[in-house]
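Student: After the structure tokens below, expect a handful of questions from me.
The values are calculated or read from the model by the stated rules, or taken from the named source; none is laboratory data. In this text the structure is predicted, and so the values were computed from the model without any measurement. When we count neighbours, we look across all protein chains shown, and the Cβ atoms used for this are built from the backbone with ideal geometry, even at glycine. Heads up: the accessible areas ignore ligands, DNA and RNA and are worked out on the full protein's heavy atoms, side chains in. Shrake-Rupley method; radii C 1.70, N 1.55, O 1.52, S 1.80 Å.
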Amino acid sequence: MSDSENVKSLEAEGDVAADFLEELLDILDMDGDIDISVEAGRAKVAIVADGPSQDLKRLVGPEGEVLDALQDLARLAVQSETGELSRLMLDIADFRAGRRERLAEQAREAIARVQESGDAVSLSPMNAFERKVVHDVVLEAGLRSESEGEDPHRHVVVLPSS
């Protein structure tokens with residue numbers, strides 16, 4: 001599949017997910033705009049608020065649990081329509097964008113501790129999205145990282161570069 005065909009396929013995934021999410025918003029009588037993009041080889045769908053985002057934050061949940069469940073449902077809607085597994089990413093009210101920055105800061109703090117002490121640093125348990133963010137920041141800093149443990153206790157360990 002060519003790059004342009006792949007992008008079109010990912011955009012089609014985003015369209016299916018957007019239709020599903022628009023219906024959900026209608027059922028819940030909630031307002032929000034849906035943005036579709038393709039980033040890092042996967043479809044990304046974002047629900048953004050027209051005005052105050054308080055209503056949409058209910059679709060995120062305190063720690064993003066509701067957002068994760070809605071992402072799973074959107075992926076199932078895509079799979080049902082296309083017959084293909086989806087790696088679609090869903091963000092609501094910029095929760096993941098803000099979470100990504102907070103995780104990057106946590107990773108930078110762990111990197112500094114590892115560089116100062118030379119000892120490995122274990123972070124608290126994280127979901128797959130969160131671990132990927134940390135692994136990327138650690139790799140960019142020239143250190144190593146590994147995921148350890150089983151869900152829901154799986155976590156990242158930041159290691160010295162040697």
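Student: Could you tell me what percent of the accessible area of the stretch 50-117 is made up of carbon and sulfur, with a 1.4 Å probe and every protein chain present? All intermediate terms of the calculation are to be shown ahead of the outcome.
Tutor: Working: 1970 of 4090 Å².
Ligands and nucleic acids excluded, carbon and sulfur give 48 percent.
Student: Separate question: Out of the trypsin sites (Lys or Arg not before Pro) in the stretch 1-74, which ones are loop residues according to DSSP with at most 13 other C-beta atoms within 10 Å?
Tutor: Here the sparse-neighbourhood loop sites are 58.
Student: Please give me the summed charge of the neighbours of residue 44: other residues whose Cβ is under 11 Å from its Cβ, Lys and Arg +1, Asp and Glu -1.
Tutor: Here the charged neighbours net out to -2.
Student: Sticking with this structure for a sec: Two decimals, Cα atoms only, Kirkwood Rh: what is Rg/Rh over the chain?
Tutor: Radius of gyration relative to Kirkwood radius: 1.03.
Student: What is the extension gain from residue 57 to residue 162, computed as 0.36 nm multiplied by their sequence separation minus the C-alpha to C-alpha distance, in nm to one decimal?
Tutor: Values: separation 105, 0.36 × 105 = 37.80 nm, distance 4.25 nm.
Between residue 57 and residue 162, full extension yields an extra 33.5 nm.
Student: Report the label-to-label distance for residue 139 and residue 117 in nanometres (one decimal), using points 7 Å from each Cα along the Cα→Cβ vector.
Tutor: Result for the modelled spin labels: 2.6 nm.
Student: FRET efficiency for residue 81 and residue 151, Cβ-Cβ distance as r, R0 = 25 Å, nearest 0.05?
Tutor: Efficiency at R0 = 25 Å is approximately 0.35.
Student: Still on this structure, I have one more. Roughly what % antiparallel, to the nearest 5, for the DSSP beta bridges in the stretch 1-155? If you can, show how the numbers build up before the last one.
Tutor: Numbers: 8 of 12 bridges.
Of those bridges, close to 65 percent are antiparallel.
Student: Right, something else. Select from the stretch 1-75 those GluC sites (Glu not before Pro) which occupy a DSSP coil region and have at most 13 other Cβ atoms within 10 Å, ordered by residue number.
Tutor: 63
Student: Just flag the GluC sites (Glu not before Pro) in the stretch 66-162 sitting in loop per DSSP whose Cβ has no more than 16 other Cβ atoms within 10 Å. Working shown, then result.
Tutor: Details: sites: 81, 84, 101, 105, 109, 116, 130, 140, 146, 148, 150; in loops: 84, 150.
Loop-located and lightly packed - 84, 150.
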